[in-house]
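Written below as structure tokens is the structure these notes are about.
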Amino acid sequence: MNWKVISRNIGYALLVSALFMLLSVFVSVIEGNDSALAALIISFTITFTVGIFPFIFVRKTPAITLKEGYVIITLSWFLSFVFGMLPYALWGGPFTLQNAWFESVSGFTTTGATVLENVETLPGSLLFWRSSTHFIGGLGVVVFLLLIIPNSSPIRLRLTNMELSSLSRGAYSSRPNKTVYIFAYVYLAICLGAFVGYLLAGMPLLDAACHAMSVGATGGFSTRNMSIASFNSRPVEFVTMLFMLLSSLHFGLIYLSVINRSLKPFNNPVTKFYLGSVVVVSLVVAVSIRLASCAASFGDAMWQGVFQTISVVSTSGFAIADNVSWPVLPNVLLLFMAVMCGCAGSTTGGVKVDRVLVFIKSISRQVYRYLHPSSVYEVRMGRRILHHPDIYPHLLYLALYAVILAFSVLVFLLTGMSAENAFAAPITCLGNVGPAIGEIGMMGNFNGLPELSKFFCTVDMFLGRVEIYPVLTVFAMIFDGQKR
């Protein structure tokens with residue numbers, strides 16, 4: 001294991017965080033040198049110094065092994081969490097070390113869960129940094145690294161293949177090297193479009209910038225205690241819905257539709273199944289909350305149902321209604337959507353709708369084979385025939401995801417959480433969704449949870465963001481090294 005190579009590449013990730021800390025310093029100055037200025041300057045200095053250190057003492061080298069690549073991915077994320085908590089911890093207020101860690105991990109993993117009971121007490125620069133962690137995490141600290149590394153470097157190709165799953169790479173009609181740029185272009189375009197949309201809808205400049213970074217990353221951090229509901233504006237809510245939905249679609253398909261000036265790239269089974277699921281669940285949620293008198297009219301119920309369904313399935317976590325008073329059915333449905341979530345190749349979390357569709361088609365194939373043993377029935381995704389090597393890894397991932405969910409529920413129960421929270425918290429954290437039900441619902445926060453529970457929530461957030469395998473691979477390498 002060449003730790004010099006590893007440290008140099010991790011340095012890139014830390015420099016990205018340092019850049020956004022510096023931007024937050026500028027925001028603090030513009031805001032009249034608010035109370036977070038000193039904390040942000042110190043945080044920037046520490047992060048920049050540690051990030052630049054390997055470039056001074058380590059020679060540049062293109063050599064990298066598969067094991068080193070996995071270590072780079074895992075440690076880049078972990079150290080981003082560590083240095084990302086510095087502005088919170090140094091500013092103080094409600095941020096104990098545990099709370100600062102929670103907020104940092106939730107930001108970088110684009111989960112959007114918060115321990116803050118009063119977001120509006122934070123200075124503007126700290127709110128900007130908070131949303132910046134979403135922006136960095138949405139694009140991915142490793143993708144930032146890939147954008148810096150030269151195209152000719154073997155590191156780029158190897159890290160691209162490890163950072164982007166086979167599901168997300170499948171719809172890109174381009175080389176792996178170009179895939180990173182396509183993802184970045186679409187991501188930046190969505191964030192910029194959301195920013196302009198929010199300004200046109202009447203949102204103040206800082207609020208627009210923060211919410212644009214959050215919605216593009218499908219994160220959910222807001223500058224207001226009542227999230228999007230605070231603005232009491234249909235145009236703001238519409239802009240949020242539009243860009244939450246765009247951010248949950250495959251970025252490769254968005255890129256192709258813009259380049260070809262056609263919606264034909266979206267004419268595929270995954271997108272149809274995804275959008276169909278959103279429509280059906282939205283209708284059920286709307287009818288349920290209207291019958292329970294949780295909305296003034298069916299029009300309001302429909303608006304809330306569509307907004308909250310898109311918010312959950314895109315893992316954005318924004319809210320225009322409090323689901324605490326909602327009946328059981330819509331809350332349970334949204335928890336199921338929090339497991340499935342959006343499309344591969346987007347900034348959403350969860351198991352991805354692509355895997356769910358593969359799972360459903362695989363079950364259908366197996367049942368058909370029992371009914372007609374002599375027939376040949378293949379699993380198809382559009383025009384593509386999926387063979388066993390294509391299906392097996394995704395079914396295995398679903399099983400692994402279910403095992404981690406079940407184990408997490410058990411751990412949360414042992415930490416003293418209520419049964420409701422112990423069931424909902426791992427779903428929303430592992431899926432990087434954010435709000436769930438009850439006290440950790442759409443208008444709630446995680447501050448009332450036991451300290452140990454908060455820590456395990458961050459573990460689930462991390463596993464969900466990196467899709468489990470890189471972390472397991474690093475642990476396997478550690479144990480394999482000890483055996484030798």
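The values are calculated or read from the model by the stated rules, or taken from the named source; none is laboratory data. Since the model is a prediction, treat every value here as computed from it, not as a measurement. Cβ coordinates were reconstructed from backbone atoms using ideal geometry, including for glycine residues, and neighbour counts include every protein chain displayed. Heads up: the accessible areas ignore ligands, DNA and RNA and are worked out on the full protein's heavy atoms, side chains in. Shrake-Rupley method; radii C 1.70, N 1.55, O 1.52, S 1.80 Å.
Here segment 186-217 is the region considered, the condition is being outside any helix (DSSP H, G or I) and under 21 Å from L122 (Cβ atoms), and the residue that is nearest to the chain's Cα centre (by Cα) is A217.
Candidates in segment 400-425 are the residues that are closer than 20 Å to M337 by Cβ and without any contact (Cβ under 8 Å) to a residue 12 or more places away in the chain; of these, the one that is farthest from the chain's Cα centre (by Cα) is A406. Scanning segment 360-417 for residues that are of a type in the set (S, T, Y), within 30 Å of L452 (Cα to Cα) and in a helix (DSSP H, G or I) turns up Y397, Y401, S408. For segment 340-386, the set of residues classified as open to solvent by less than 30 Å² (accessible area, probe 1.4 Å) and more than 27 Å from V281 (Cα to Cα) consists of L386 only.
Each row is one residue, and each column tells you yes or no for (1) open to solvent by less than 30 Å² (accessible area, probe 1.4 Å); (2) of a type outside the set (D, E, K, R); (3) without any contact (Cβ under 8 Å) to a residue 24 or more places away in the chain.
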residue: R261; (1), (2), (3): no, no, yes
residue: K264; (1), (2), (3): no, no, yes
residue: T271; (1), (2), (3): yes, yes, no
residue: V280; (1), (2), (3): no, yes, yes
residue: L283; (1), (2), (3): no, yes, yes
residue: R290; (1), (2), (3): no, no, yes
residue: A296; (1), (2), (3): no, yes, yes
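Just one of the listed residues (F238, F221, F243) is of a type outside the set (K, R), in contact (Cβ under 8 Å) with a residue 12 or more places away in the chain, closer than 17 Å to H134 by Cβ and in a helix (DSSP H, G or I), namely F243.
Is there a residue in segment 465-482 that is modelled with pLDDT of 85 or more, open to solvent by less than 30 Å² (accessible area, probe 1.4 Å) and part of a helix (DSSP H, G or I)? Looking through segment 465-482, at least one residue is modelled with pLDDT of 85 or more, open to solvent by less than 30 Å² (accessible area, probe 1.4 Å) and part of a helix (DSSP H, G or I). Of all residue pairs spaced 6 or more apart or on separate chains, those with beta-carbon atoms under 6 Å, a first member in segment 363-375 that is hydroxyl-bearing (S, T, Y) and a second member that is assigned to a loop (DSSP other than H, G, I, E, B) are Y368/Y377.
Conditions first: (1) assigned to a helix (DSSP H, G or I); (2) out of contact with any strand residue (DSSP E or B) (no Cβ under 8 Å at 6 or more places or on another chain). V270 passes all but one, so which condition is the exception? It is condition (2) that V270 fails. Inspection of segment 58-81 finds a residue satisfying the criterion of being among the aromatic types (F, W, Y), surrounded by fewer than 22 Cβ atoms within 10 Å (Cβ to Cβ), within 19 Å of the chain's Cα centre (by Cα) and assigned to a helix (DSSP H, G or I). Take the residues of segment 424-445 that are closer than 22 Å to W77 by Cα and in a loop (DSSP other than H, G, I, E, B): which is modelled with the lowest pLDDT? Only one residue fits best here, namely G434. When we screen F462, F407, F423 for residues that are open to solvent by 20 Å² or more (accessible area, probe 1.4 Å), farther than 29 Å from V119 by Cβ and of a type outside the set (S, T, N, Q), the only hit is F407. Given the criteria open to solvent by less than 70 Å² (accessible area, probe 1.4 Å), out of contact with any strand residue (DSSP E or B) (no Cβ under 7 Å at 6 or more places or on another chain) and either β-branched (V, I, T) or at pLDDT below 90 (or both), does P389 qualify? Criteria not met by P389.
Are any of the residues in segment 311-319 surrounded by 22 or more Cβ atoms within 10 Å (Cβ to Cβ), without any contact (Cβ under 8 Å) to a residue 60 or more places away in the chain, of a type in the set (S, T, N, Q) and under 23 Å from A425 (Cα atoms)? Checked segment 311-319: no residue is surrounded by 22 or more Cβ atoms within 10 Å (Cβ to Cβ), without any contact (Cβ under 8 Å) to a residue 60 or more places away in the chain, of a type in the set (S, T, N, Q) and under 23 Å from A425 (Cα atoms).
Picking from residues in segment 85-126 that are in contact with a Leu (Cβ under 7 Å, 6 or more places away or on another chain) and open to solvent by less than 30 Å² (accessible area, probe 1.4 Å), the one that is nearest to V25 (Cα to Cα) is S125.
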